[in-house]
Amino acid sequence: MEHRLFDLGDFSLQKGSVLPSAQLGYTTLGELNEAKDNVVICPTWFTATPADTAMWMTGEDRALKPSKYFIIVPNHFGAAVSSSPSNTPPPFGRGTFPRVTAYDNINAQYRLVTEEFGIEKIRLVSSWSMGACQAYAWAALHPEMVQAIAPISGSARTAQYNKVFLHALTRAITADPDWNDGFYGDKPPVRGLRTFASIYAGWGFSEAFYREEVYRGFGASSIEEFIEIFWDPFFLKCDANDLLAQIQTWKHNDLGDHPNFGGDFDAALGAIRAKTIIMNAETDRYFPPIDSEYEAGHIPGATTRPIPTIWGHLAPFNPVDQQFIDQGITELLDS
């Protein structure tokens with residue numbers, strides 16, 4: 001799938017830095033209709049390229065049909081296609097890449113949507129994990145533009161327990177002797193990345209997933225083999241600096257952290273006018289439904305639909321759970 005680049009120029013970031021010659025990577029599926037009212041935005045999640053996200057979120061047998069909707073899949077900063085530590089020249093590359101917020105990503109995506117395509121209304125913003133975090137930010141920052149959101153396994157503010165997980169991931173990489181403060185050159189911190197993958201294995205799926213040995217469906221005969229054939233490749237393909245840049249965005253995600261809301265999380269949630277269905281897996285360890293319930297209670301008219309699954313955070317990879325998710329998305333698109 002073709003990835004395109006939208007030139008943002010010298011892009012001012014929310015926390016005070018400027019990302020020179022910034023670029024926003026994206027792909028599109030389907031055709032923009034004459035009325036420009038069939039637009040869906042599906043932001044990427046942690047480690048995902050636009051092609052990855054399109055593969056798991058769209059299709060003619062899915063709610064997000066390219067034959068019906070014009071689907072824009074923008075890549076958040078740090079995720080290797082948009083400006084990231086791995087592709088940004090000195091002095092802002094590698095370990096010196098500036099901190100980027102969810103709102104920085106939405107500001108960049110807003111420019112793409114309005115300047116490149118002349119779009120004024122967005123039918124739906126929906127995605128998974130870090131993509132769900134961006135869905136909240138889209139709706140809070142542009143309530144007049146976004147008609148519906150379906151955040152999947154994400155949150156409007158990163159919880160403290162979630163940060164424990166992210167802290168462990170960060171330590172896994174930075175404790176590797178090859179880390180070298182992010183300037184590792186041709187010798188990346190592979191041992192740190194493998195430890196990173198092992199930590200993720202215990203958080204990404206649920207206890208029940210392992211107890212019922214669902215991992216055997218992936219061709220693994222043991223949990224050790226499952227980590228080697230599923231989790232290790234998932235992260236060894238990534239640049240360590242890119243992973244840490246994305247973790248910083250994820251860790252500090254807070255919908256209230258914007259001048260429009262002055263740090264007031266509840267006010268930011270209350271600013272959302274989009275029809276909202278929040279779908280977090282019942283067994284998600286770091287985006288639990290209890291957080292969704294709070295968010296829905298402060299977004300006018302919002303509802304929660306916990307996904308009944310033992311796949312934990314990775315529910316969107318399970319075909320049965322995809323059907324549940326697509327029911328909610330279809331309901332929003334048809335309303």
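The values are calculated or read from the model by the stated rules, or taken from the named source; none is laboratory data. Only a predicted model underlies this, so the values are computations on that prediction, with no experimental measurement involved. FYI the Cβ positions are ideal-geometry reconstructions off the backbone, even for glycines, and counts take in every protein chain you see. For the accessible areas, the whole protein counts, side chains as well, though only heavy atoms, and no ligand, DNA or RNA atoms are used. Shrake-Rupley method; radii C 1.70, N 1.55, O 1.52, S 1.80 Å.
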Subject >> Dipole magnitude of region 198-248 about its Cα centre (Cβ charges: Lys, Arg +1; Asp, Glu -1), debye to nearest 20 >> reply: 100 debye
Subject >> Amide proton proximity set for Tyr69, modelled H, under 5 Å, gap of 5+ >> reply: none
**OP:** For the chain, build the charge dipole from Cβ charges (+1 Lys, Arg; -1 Asp, Glu) around the Cα centre, then report which of Pro300, Tyr210, Gln327 sits farthest towards its positive end.
**Re:** Pro300
**OP:** Express in whole angstrom the spacing between the alpha-carbon centres of region 86-145 and region 10-47.
**Re:** 5 Å
**OP:** Pull up all non-local amide H partners of Ala281: gap of 5 or more, or a different chain, and H-to-H distance under 5 Å with H placed in the peptide plane.
**Re:** Ser153, Ile307
Original post:
Quick one: putting +1 on the C-beta of Lys and Arg, -1 on the C-beta of Asp and Glu, what dipole do you get for the chain around its Cα centre, in Debye to the nearest 20?
Top reply: 340 debye
Original post:
For the chain, modelled as a Gaussian network with Cα springs under 10 Å, which listed residue fluctuates most, Ile290, Ile325, Ile149?
Top reply: Ile290
Original post:
Residue-wise, which Karplus ³J(HN,Hα) couplings in Hz belong to region 38-44, taking 6.51 cos²θ - 1.76 cosθ + 1.60, θ = phi - 60°, and x for glycine or proline?
Top reply: 10, 8, 10, 10, 10, x, 6
Original post:
So who's got an amide H within less than 5 Å of the one on Ser86, skipping anything under 5 residues away but keeping other chains? H placed 1.01 Å off N, in plane.
Top reply: Arg94, Asp242
Subject >> Rough spin-label spacing in nm, given labels placed 7 Å along Cα→Cβ, for Lys15 and Phe183 >> reply: 2.1 nm
**OP:** Report the residue, chosen from Glu120, Glu295, Glu212, that carries the largest GNM mean-square fluctuation when the chain is represented by alpha-carbon nodes joined by springs under 10 Å.
**Re:** Glu212
Subject >> region 46-52 - phi-based ³J(HN,Hα) in whole Hz, Karplus 6.51/-1.76/1.60, Gly and Pro as x >> reply: 3, 6, 7, 8, x, 5, 4
**OP:** On a C-alpha basis, how far is the centre of region 208-229 from the centre of region 266-315 in Å? Whole number, if you could?
**Re:** 28 Å
**OP:** Express in Å², to the nearest 10, the accessible area of Ser67 obtained by rolling a 1.4 Å probe over the protein heavy atoms while all chains stay in place.
**Re:** 90 Å²
**OP:** Using Cα pairs closer than 8 Å and at least 6 residues apart in sequence, work out the relative contact order for region 139-213, in percent.
**Re:** 23 percent
Original post:
What full-extension length gain, to one decimal in nm, is calculated for Glu331 and Lys163 as 0.36 nm per residue of separation minus the Cα-Cα distance?
Top reply: 57.2 nm
Original post:
Along region 234-245, what does the Karplus equation 6.51 cos²θ - 1.76 cosθ + 1.60 (θ = phi - 60°) give for ³J(HN,Hα), rounded to whole Hz, x for Gly and Pro?
Top reply: 4, 10, 5, 6, 9, 7, 4, 5, 4, 4, 5, 5
Subject >> Length-normalised contact order of region 164-322 in % [C-alpha pairs under 8 Å, at least 6 apart] >> reply: 21 percent
Original post:
Assigning unit charges at the beta carbon (Lys, Arg +1; Asp, Glu -1) and nothing else, what dipole magnitude in debye, to the nearest 20, does region 208-335 show about its Cα centre?
Top reply: 200 debye
Original post:
Net charge near Ala156, counting Lys/Arg +1 and Asp/Glu -1 over other residues with Cβ under 11 Å of its Cβ?
Top reply: -4
Original post:
Put +1 on the Cβ of each Lys and Arg and -1 on the Cβ of each Asp and Glu in the chain; which of Thr27, Tyr136, Phe261 then has its Cα farthest toward the positive end of the dipole?
Top reply: Phe261
